Amino acid sequence: MIVELRNVSVRYILGDFKDIGIKEFVVRKLLGNYKVREFWAVNDVSFSLEKGDLLGIIGTNGAGKSTLLKVITGIMVPTKGQALVKGDVAALLELGSGFDGDLTVKENTYLRGAMLGYTRAFMNEMYEDIIAFAELEEFQDRPFKQLSSGMKSRLGFSIACLVNPDILILDEVLAVGDAAFRKKSEQKMMEIINSGVTTILVSHSLEQVRRLCNKVLWLDKGKQVAFGEAKEICNRYEEFLKKK
Amino acid sequence: MLEGFKKHIEKLKKRRFLFEELVKRDFKKKYKRTVLGVAWSMLAPLLTLLVMAVVFTQFFGRSTPHYIIYMFAGNLVFFYYREATGGGMRALVDNAGIFSKINVPKYMFLFSKNVSALINFLLTMVIFLTFVAIDGIAFSFKFFMLVYPVVCLLVFNIGLGLILSALYLFFKDTQYLYDLFTLMVMYLSAIFYPIDSFPNYLQQLFYINPVFVYITYFRTIVIHNTVPSLSYHLLCAFYALLVLLIGSYIYKKYNYKFLYYV
């Protein structure tokens, strides 16, 4: 067992606390009319994966897919339940975000590498390759904010793909950059997937899930509808979408 | 056992790399790669000092020995405190875009902010010591004891940063309230006035303010060439550790919770 989720639930809290500020919060708390609403984005999800599994997570918008991925990556702690993850996780979530617009491309590359847990020696060694893969050789000393959004995602992808993780998490990333880069990135992705890592893939393309995944988790409004063999669940999901 | 030790070393190496890159980023962003940028951060306390000297020497200058140094010590410590805690407060909010996408230890952002503030402080301290020399105060080995309040301040600032950064994630008006608070701390830290003229029991009350305690340590060493008592050292450490303890508790309890609030 490399990934195991036991009754994982995540609760978001909705309210106006961010707008009212601390003074108003204290006053309302004292008066007893401070109220928040709860919202379970992920509700009682359990599944487990073996080494080499390729899991596709499907579901309509707002099903809780991204929140669940954040739990597996360790970014979020589940409100209830347990998430056991063994090994290094490489998560490719929203690739172009989280960079610093004022720093140069080179500085951002090193900073991102450091955040992903690489060492400086490793980055020195790989830097040329990263830039070459992202096709940003001429932009190395430009401020990051001058890049197009496609270029930003390309850089994010190139840095994140370097490692040989035990678990790879992909959130709609097989749609990065222009057609040529997409082909290149998908090739790279398949290379990593085929090396035997455990992969979790969120995709709205059912065709892609059918083609790649051996297991599927279907979520709807945070609840687990089904988990199991890819083919059977994909067929059921297709039926479900037709009825809607 | 050896394997585990190796892994630990590897992890520390990675953390150090992240730490260095974050400090570099904070510096570059703050000074925008300009020469005046670094100079400015040292000039700001000097200009404040100049204004204070012009205004207050008239009132307190005659009764206080080495009045310029007295004020400079106050400004030096207070500016450091204000910069480190103010930056610490914003450390999590400013980087929320990063750690809601990547799994990084959040306290790193706070630590790096504190280290860049510390470097700034040490640069200003060089100017301070130059002023001390110009004012005709002889340097002595006791000056090395100044490391002690600096370490206490660092711990104190990190602790307060842990508290404030968590609060600021939930409440946006923390910033304004804290600005108000630091203003009060400034007036209560006896930066530009001596406290001798207050009645004894009021003088004691000043020691409730940790910033005043650290400023006084500086003044005792530099102006009076005296090492404070052991109990005074304990008081310094007590404030630093108390705030760090509360800060760590709050950080541990709330640092991942704000992701639930949308």
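The values are calculated or read from the model by the stated rules, or taken from the named source; none is laboratory data. What you see is a predicted model; the values in this text were computed from it and never measured. Ideal geometry is used to build each Cβ from the backbone, glycine not excepted, and the neighbour counts take in all protein chains shown.
Data overview
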| read-out | value |
| --- | --- |
| Segment A:141-176, residues that are touching a strand residue (DSSP E or B) at 6+ places or on another chain (Cβ under 7 Å) and farther than 21 Å from A:Ala91 by Cβ | A:Asp141, A:Arg142, A:Pro143 |
| Subset of segment B:44-89 [under 12 Å from B:Phe192 (Cα atoms) and surrounded by fewer than 15 Cβ atoms within 10 Å (Cβ to Cβ)] | B:Leu50, B:Val51, B:Val54, B:Val55, B:Gln58, B:Phe59, B:Gly61 |
| Residue in segment A:120-133 that is facing chain B (nearest Cβ under 7 Å) and either outside any helix (DSSP H, G or I) or more than 24 Å from A:Asp166 (Cβ to Cβ) (or both) present | no |
| Evaluation of B:Thr64 against (1) in a helix (DSSP H, G or I); (2) in contact with a helix residue (DSSP H, G or I) (Cβ under 7 Å, 6 or more places away or on another chain); (3) more than 14 Å from every other protein chain (Cβ to nearest Cβ) (one fails), failing number | (1) |
| Residues within segment B:169-221 that are more than 14 Å from every other protein chain (Cβ to nearest Cβ), within 14 Å of B:Thr85 (Cβ to Cβ) and among the charged types (D, E, K, R), tallied | 0 |
| Conditions (1) among the acidic types (Asp, Glu); (2) closer than 15 Å to B:Ile221 by Cβ; (3) without any contact (Cβ under 8 Å) to a residue 60 or more places away in the chain; number of the one not met by B:Asp135 | (3) |
| Sole exception among (1) modelled with pLDDT of 90 or more; (2) at the interface with chain B (Cβ under 7 Å from one of its Cβ atoms) for A:Pro143, by number | (2) |
| Subset of segment B:103-136 that is part of a helix (DSSP H, G or I) and in contact with a Gly (Cβ under 8 Å, 6 or more places away or on another chain) - its residue that is modelled with the lowest pLDDT | B:Ser116 |
| Sole exception among (1) more than 14 Å from chain A (Cβ to nearest Cβ); (2) under 29 Å from A:Met115 (Cβ atoms); (3) surrounded by fewer than 23 Cβ atoms within 10 Å (Cβ to Cβ) for B:Asp94, by number | (1) |
| Test: residue in segment A:6-16 that is surrounded by 20 or more Cβ atoms within 10 Å (Cβ to Cβ) and at negative phi | yes |
| Tabulated pairs, segment A:199-224, first at pLDDT 85 or above, second of a type in the set (Val, Ile, Thr) and not in a strand (DSSP E or B), C-beta under 6 angstrom, 6+ apart or interchain | A:Thr199/A:Ile193; A:Val216/A:Ile233; A:Trp218/A:Ile233 |
| Per-region count, segment B:124-159, residues surrounded by fewer than 13 Cβ atoms within 10 Å (Cβ to Cβ) and not β-branched (Val, Ile, Thr) | 7 |
| Residue within segment A:170-191 that is under 14 Å from A:Leu54 (Cα atoms) and either among the hydroxyl-bearing types (Ser, Thr, Tyr) or surrounded by fewer than 20 Cβ atoms within 10 Å (Cβ to Cβ) (or both) present | yes |
| Counted residues, segment B:21-41 - those being loosely packed, with under 15 Cβ neighbours inside 10 Å and either outside any helix (DSSP H, G or I) or more than 14 Å from chain A (Cβ to nearest Cβ) (or both) | 7 |
| Any strands (runs of 3 or more DSSP E) falling wholly within segment A:1-115 and containing at least 3 residues that are over 28 Å from A:Leu168 (Cβ atoms), more than 8 Å from every other protein chain (Cβ to nearest Cβ) and touching a residue at least 60 places away in the same chain (Cβ under 8 Å) | none |
| B:Val55, sole failed condition from (1) more than 14 Å from every other protein chain (Cβ to nearest Cβ); (2) among the hydrophobic types (A, V, I, L, M, F, W, C); (3) closer than 29 Å to B:Ile163 by Cα | (3) |
| Matching residues, segment A:134-145, being part of a helix (DSSP H, G or I), touching a helix residue (DSSP H, G or I) at 6+ places or on another chain (Cβ under 8 Å) and not small (Gly, Ala, Ser) | A:Glu137, A:Phe139, A:Phe144 |
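Residues checked against (1) surrounded by 18 or more Cβ atoms within 10 Å (Cβ to Cβ); (2) in contact with a Lys or Arg (Cβ under 8 Å, 6 or more places away or on another chain):
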| position | (1), (2) |
| --- | --- |
| A:Ala41 | yes, yes |
| A:Gly56 | yes, yes |
| A:Ala63 | yes, yes |
| A:Gln82 | no, yes |
| A:Glu94 | no, yes |
| A:Asn108 | yes, no |
| A:Leu116 | yes, no |
| A:Phe122 | no, no |
